[in-house]
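Q: First, the structure itself, so that you have it in front of you.
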Amino acid sequence: MKTVVNANSIWLDRAGMPHNVEISAALFDIAGVEHVLAFVIDVTKKRRDEQELANYQRRLEFMVDERTNELKLAKEQAEQASRAKSSFLANMSHEIRTPLNAVIGLTHLMQREATERKQKERLGQIDDSAQHLLAVINDILDISKIEAEKLQLEISDFAISRLLGDVLDMIEFKTREKGLKLLADLDPTLPDAVRGDPLRLQQILLNFLSNAVKFTEKGQILLRAKVSEWRDDKVELRFEVEDTGIGINAEQIPRLFSSFEQADSSTTRRFGGTGLGLAISRQLAHLMGGETGVSSTPGKGSTFWVTICLEIAVNAQRRQTVTVDVDFEGEIRRTRSNAKILLVEDDPINQSVAIEMLASAGIHPTLAEDGAQAVKLAESQHFDLILMDMQMPVMDGLEATRRIRQLPALANTPIFAMTANAFGEDRNACLSAGMNGHIAKPVDPAILYAVLFNNLPQNTGSAQAATPIQIRSSHDSSAAEGIVAKLGAVPGVNIKTGIAAMRGNVEKYVNLLEKLLAHNDTTRLRTTFDSGDHPTALRQAHSLKGAAGSLGLNRLSSAAAAIEAALRENRPTGQIIPLLSALAEIHGELSDILNQRLDSPTQNIGSFDASQAQALIARLLPLLEHDDIRSGDLVRNENDLLSNTLGSAFADFVRHIDNFDFPAALELLQVALVAHPEYRPE
């Protein structure tokens, strides 16, 4: 059988009504005779149903599109309303903060002048309320910026250790008031400098620490910082704040990082707060490529953590000195001063700095001046910890560490590199040689003390009394202060770093400066290089880099680092000679300052016309005398002129102005006018 027809058609019935029909016909043979078999099916109703279904589908699609547009419009209107609300809150927060700052400042002035006890109490209550209101306004401002998608990170290079020190410094007085112990556990492998938003990271950590203090009545607060993962030119850091407070129930934890949420309503009534801090912290962490979280046991305490991803700062300066030692120094002196430490260091300046830091914590190390001496001492004596330089004559620190690790008695002794080499490959080399970690030069006292506290055994028996190492100074106090004042005005000199390394002793600092410049005569380095002994020249540049950085001579340290890098990369002589000349010039400038006598004629500060300073001081003096807050605006507008006028005292002057301590600022200005009467208004 063969089909010959299969088609759709219109058929008219007798009444002339059209019908949709399907026609099919087939040709087949019966006993040699061809026959046709045909079928005609009326599909009118089927076609009508199909048409209605198609029409209904089109109407449904239209309705969906219409509803989608309505929802889209409603969403846009809601977002506009949210942005308008956030913008309003942001503007109002700014408007409120301006007079509130004046309230806080004027209250501070009145507290200082108040003599009656009741007056002081009431002013203290005003100040507490104003500070609380300012904190609430700041939280509202941040959350409104986040909701309006207007919060942007301010990216800059910063030192992790300095930031952590500042954070601990800010919170330390609160822990002291409540009788809590404040501790820090800092990973020695933390990068020296990173690139990110330091203020926002500081905000997260302060929120965590403030909450920890708020909800802890006894015990301790611990800030822990460590490296989670290295990612080429980036690093993931994890910060934890652990307390021994009231803890949190498991069912309450999921709500903690939501806006306007706390553990429960009783928490808000008892401890105060808006419940915005943790929500803001989570959003800030997300902006910085990280997460936040918490683990807690009711009645035993909580641990809040945050991870962030930061770039390694390529050209950032070395880490700054942390201003808070979190009492590690005192704890070491009290509980670990019997420990025996081997200090392996060839540079006499770095030896003095390290010995001074260790002596301040009650520890007197055994000194080895190269790796070979260190191995001999390790074979004959027991040491609880070894601080090892990397680049030394005779035997470097890496080879010395490998040999010490072969001694059964010292197979597990903590060994930490203490070196100016701070690149990733240097850290890896230290670990591969068998070291436990890396402490970068210039050595941050807080980092050093944290390493010692976490790795030294506790005292057994009676602790020996600490006798500070004495470094005889060739300068009396006034002469040393005069030299430091001159150095403070030199670009690239951070005297605070060096004096902090000497635990505030100015005479020791100046004495070490003299030793540094005498021992590291650049002529010797140039002679070594010209003789073709480039390995020794590289080691000399490396040594100068670390020693200069330890004493805050950043420009000299950077010049030595440039020479070290050039020698390490085997650059042509024509590229290295200018670097040696630049180093010699900087070395000469510093030597001239140290060789100057204080009885030489005092030079005028700055090169501007004295009449400009007179006119400025004539406006500033009456404002300071009357505690007028407008003096702050004048100082900010005339920053450069005042900096030249006040010299090294300018930083303290600005700090007093910012703290509304106008009498202290006035006293500094009057001292400057005694030294430079040419600036006194007529």
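Q: Name the residue that is modelled with the lowest pLDDT, counting only residues in segment 293-313 that are open to solvent by less than 30 Å² (accessible area, probe 1.4 Å) and of a type in the set (A, V, I, L, M).
A: Restricting to residues being open to solvent by less than 30 Å² (accessible area, probe 1.4 Å) and of a type in the set (A, V, I, L, M), the top hit is A313.
Q: Look at T401 and say whether it is at pLDDT 80 or above, open to solvent by less than 20 Å² (accessible area, probe 1.4 Å) and either over 21 Å from the mean Cα position of the chain (by Cα) or closer than 26 Å to S337 by Cα (or both).
A: It is true that T401 is at pLDDT 80 or above, open to solvent by less than 20 Å² (accessible area, probe 1.4 Å) and either over 21 Å from the mean Cα position of the chain (by Cα) or closer than 26 Å to S337 by Cα (or both).
Q: Restricting attention to segment 552-577, which residues are within 30 Å of D444 (Cα to Cα), part of a helix (DSSP H, G or I) and open to solvent by less than 20 Å² (accessible area, probe 1.4 Å)?
A: L556, S557, A559, A560, I563, E564, A566, L567
Q: Taking segment 215-235 only, how many residues are open to solvent by 90 Å² or more (accessible area, probe 1.4 Å), more than 23 Å from I246 (Cα to Cα) and either without any contact (Cβ under 8 Å) to a residue 40 or more places away in the chain or outside any strand (DSSP E or B) (or both)?
A: Result for segment 215-235: 2.
Q: Now a separate question. Could you run through segment 529-551 and say how many residues are farther than 20 Å from E345 by Cβ and surrounded by fewer than 20 Cβ atoms within 10 Å (Cβ to Cβ)?
A: Total satisfying the criteria: 5.
Q: Same structure again: Would you please name the residue that is modelled with the highest pLDDT, looking only at residues in segment 98-109 that are open to solvent by less than 90 Å² (accessible area, probe 1.4 Å) and β-branched (V, I, T)?
A: Residue satisfying both the conditions and the ranking: T107.
Q: Pick out the one residue from R122, R112 that is out of contact with any Phe, Trp or Tyr (no Cβ under 7 Å at 6 or more places or on another chain) and either modelled with pLDDT of 70 or more or open to solvent by less than 30 Å² (accessible area, probe 1.4 Å) (or both).
A: R122
Residue by residue, here is whether (1) touching a strand residue (DSSP E or B) at 6+ places or on another chain (Cβ under 9 Å); (2) at pLDDT below 90; (3) over 11 Å from T307 (Cβ atoms); (4) of a type outside the set (F, W, Y) holds:
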{"position": "N211", "(1), (2), (3), (4)": "yes, yes, yes, yes"}
{"position": "K214", "(1), (2), (3), (4)": "no, yes, yes, yes"}
{"position": "E229", "(1), (2), (3), (4)": "yes, yes, no, yes"}
{"position": "D233", "(1), (2), (3), (4)": "yes, yes, yes, yes"}
{"position": "F239", "(1), (2), (3), (4)": "yes, no, no, no"}
{"position": "D243", "(1), (2), (3), (4)": "yes, no, yes, yes"}
{"position": "I246", "(1), (2), (3), (4)": "yes, yes, yes, yes"}
{"position": "E251", "(1), (2), (3), (4)": "no, yes, yes, yes"}
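Q: Just name the residue that is modelled with the highest pLDDT out of those in segment 348-378 that are of a type in the set (D, E, K, R) and crowded, with 18+ Cβ neighbours inside 10 Å.
A: D370
Q: Let me ask something else. Report every pair of residues separated by at least 6 positions or lying on different chains whose Cβ atoms are under 8 Å apart, first residue within segment 373-397 and of a type in the set (F, W, Y), second in a helix (DSSP H, G or I) and surrounded by 14 or more Cβ atoms within 10 Å (Cβ to Cβ).
A: F383/L377; F383/L410
Q: Another one. Among the residues of segment 539-546, is there at least one that is over 17 Å from V493 (Cβ atoms), among the aliphatic types (A, V, I, L, M), more than 32 Å from the chain's Cα centre (by Cα) and assigned to a helix (DSSP H, G or I)?
A: No, segment 539-546 contains no residue that is over 17 Å from V493 (Cβ atoms), among the aliphatic types (A, V, I, L, M), more than 32 Å from the chain's Cα centre (by Cα) and assigned to a helix (DSSP H, G or I).
Q: Look through segment 359-382, keep the residues that are of a type in the set (S, T, N, Q) and part of a helix (DSSP H, G or I), and return whichever of them is farthest from P393 (Cα to Cα).
A: Out of the qualifying residues, it is S360.
Q: For segment 174-190, state whether one or more residues are part of a loop (DSSP other than H, G, I, E, B), touching a Ser or Thr at 6+ places or on another chain (Cβ under 8 Å) and buried (at least 19 other Cβ atoms within 10 Å of the Cβ).
A: Scanning segment 174-190, I find at least one residue that is part of a loop (DSSP other than H, G, I, E, B), touching a Ser or Thr at 6+ places or on another chain (Cβ under 8 Å) and buried (at least 19 other Cβ atoms within 10 Å of the Cβ), so the answer is yes.
Q: Also, quick follow-up: In this structure, is A518 more than 30 Å from I576 (Cβ to Cβ) and modelled with pLDDT under 75?
A: no
Q: Please work out which one of (1) open to solvent by 100 Å² or more (accessible area, probe 1.4 Å); (2) at pLDDT below 80 is the condition Q77 fails and give its number.
A: Here Q77 clears every test but (2).
Q: Taking A316 and the conditions (1) more than 16 Å from the chain's Cα centre (by Cα); (2) modelled with pLDDT under 80, which numbered condition does it fall short on, given that it satisfies the others?
A: (1)
Q: Select, from P393, P442, P457, the only residue that is in a loop (DSSP other than H, G, I, E, B), at pLDDT 85 or above and either open to solvent by 10 Å² or more (accessible area, probe 1.4 Å) or on the phi > 0 side of the Ramachandran plot (or both).
A: After applying the criteria, what remains is P457.
Q: Let me ask something additional. With the checklist (1) open to solvent by 30 Å² or more (accessible area, probe 1.4 Å); (2) farther than 25 Å from G437 by Cβ in hand, flag the one item D197 doesn't pass.
A: With respect to (1) open to solvent by 30 Å² or more (accessible area, probe 1.4 Å); (2) farther than 25 Å from G437 by Cβ, D197 is out only on (1).
The values are calculated or read from the model by the stated rules, or taken from the named source; none is laboratory data. Just so you know, these numbers come straight off a predicted model, no measurement behind them. Heads up, the Cβs are rebuilt from the backbone with ideal geometry, glycines too, and the neighbour counts pull from every protein chain shown. For the accessible areas, the whole protein counts, side chains as well, though only heavy atoms, and no ligand, DNA or RNA atoms are used. Shrake-Rupley method; radii C 1.70, N 1.55, O 1.52, S 1.80 Å.
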